[in-house]
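Below: the structure, in structure tokens.
The values are calculated or read from the model by the stated rules, or taken from the named source; none is laboratory data. Computed from a prediction, not measured in an experiment: that's the story for all the values here. FYI the Cβ positions are ideal-geometry reconstructions off the backbone, even for glycines, and counts take in every protein chain you see.
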Amino acid sequence: MPEFVEAEAYRRTIEPVLGRPMVSVDIRDDRLLRRDAADESFVRGALEGSTIDATRRIGKAVLFDVSSGHTALLSFGLRGWLMLDGRTARATGHDWRARTRRDAHVRLQIEFEGGQRLELEDQLRLATLELDPDESRFGIDVLDLDLDRLREILASSTTAVKTVLMDQRRIAGIGNLIADEMLYQGKVDPRRSASELSDDEVADLWQGVRRTRERVLERNGSHQGVQIQSGARERGSCCPRCEVQVERITVGGRTTYFCPSHQR
């Protein structure tokens, strides 16, 4: 699933076409539009002929502000991928990576004056496009999170700590893989009640959050492996630290991997 770091890469992918008029907007799948959103003709009318003036990211979503006065939000589901002329920017640095284009899976194509094409590819058809979203539904972005805010968020919920980390209304940008990694680095059992963590445990978790943010940005993606992700998410694998077998459980309906030895 694209998480905050992939969304940042997709936001940067849009930047080269800032200020260029959108000549055509081709929505190839009705499911791309949220059920409570405007219909296709209204969306096309709001975008075609306008320019993208600015791009933003909130959590795992990318927003672009349009000269017509509207804001569009792209959410990428489980496998959504945004490309500009077949390439995607990196979340950090100046490199781009090419991707083999699969026309059958392109759900959205925006053509700009000058011929450049921005395409959303989504094999599972879970990505969405929303016009003029309610941005207040998102919590603090994971990159803006600090220790004090994390402590406040955890203290307000008796839910499992992993579920709290993944609640986009509380903290925007953390998905399943990154949540596992943050808890692994922070030495916290994902099943623990968030409000029951001690001050020292919250401080340890904060270090796990901070360390994981830095590492996934360095690697330009949450799926390129850090500690528990690099091989340990396979049945029978061992914790790289403790050499104890990693356990696979379900927390909040999500598959979860953790070390029963050092995550308490």
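A few comments on the model shown:
- Exclusive hit being among the aliphatic types (A, V, I, L, M) and farther than 22 Å from Asn220 by Cβ, set Ala61, Ala72, Ala89: Ala72
- Restricted to segment 6-116, the set of strands (runs of 3 or more DSSP E) holding at least 2 residues that are in contact (Cβ under 8 Å) with a residue 24 or more places away in the chain comprises 22-27, 52-58, 61-66, 71-75, 81-84, 87-89, 106-112.
- Taking each residue of segment 239-251 that is assigned by TED's automatic domain parsing to the domain that holds Glu181 and looking for partners that are among the hydroxyl-bearing types (Ser, Thr, Tyr) and part of a strand (DSSP E or B) with beta-carbon atoms closer than 6 Å, six or more apart or interchain, yields Val246/Tyr257; Arg248/Tyr257; Ile249/Thr256.
- On inspection, Thr250 passes the criterion of being part of a strand (DSSP E or B) and at pLDDT 95 or above.
- So Asp132, is it in contact with a helix residue (DSSP H, G or I) (Cβ under 9 Å, 6 or more places away or on another chain), on the phi > 0 side of the Ramachandran plot and charged (D, E, K, R): yes
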